[in-house]
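Q: To start, I am sharing the structure in question, which I have written as structure tokens.
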Amino acid sequence: MKDLGFILASWIITLGSIGVLALVTVRRARELSSRVPDEHKPWV
């Protein structure tokens with residue numbers, strides 16, 4: 001039980017980092033997709 005703080009901090013840092021990476025990736029993708037003309041967007 002004395003290592004519980006270290007374990008929780010490790011999980012929080014890991015999951016927080018993954019969340020930040022996902023957020024940055026989605027924001028960047030939205031920014032870049034707005035620059036592509038509609039005729040070059042196969043997903044539209």
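FYI, it's all coordinate maths here, none of it is from the lab. Nothing here was measured: the structure is a model prediction, and the numbers come from that model. Note that we place each Cβ from the backbone using ideal geometry, even for glycine, and neighbour counts take in every protein chain shown.
Q: Within the group Ser17, Ser10, which residue is within 9 Å of the chain's Cα centre (by Cα), among the hydroxyl-bearing types (Ser, Thr, Tyr) and surrounded by 10 or more Cβ atoms within 10 Å (Cβ to Cβ)?
A: Going through Ser17, Ser10 in turn, just one is within 9 Å of the chain's Cα centre (by Cα), among the hydroxyl-bearing types (Ser, Thr, Tyr) and surrounded by 10 or more Cβ atoms within 10 Å (Cβ to Cβ): Ser17.
Q: Checking the structure you have, find out if any residue of the range 25-43 is among the aromatic types (Phe, Trp, Tyr) and part of a helix (DSSP H, G or I). Step through it out loud before you land on a result.
A: Taking the range 25-43 and keeping what is among the aromatic types (Phe, Trp, Tyr), we get 43.
Retained after the next criterion (residues that are part of a helix (DSSP H, G or I)): none.
No; the residues of the range 25-43 include none that is among the aromatic types (Phe, Trp, Tyr) and part of a helix (DSSP H, G or I).
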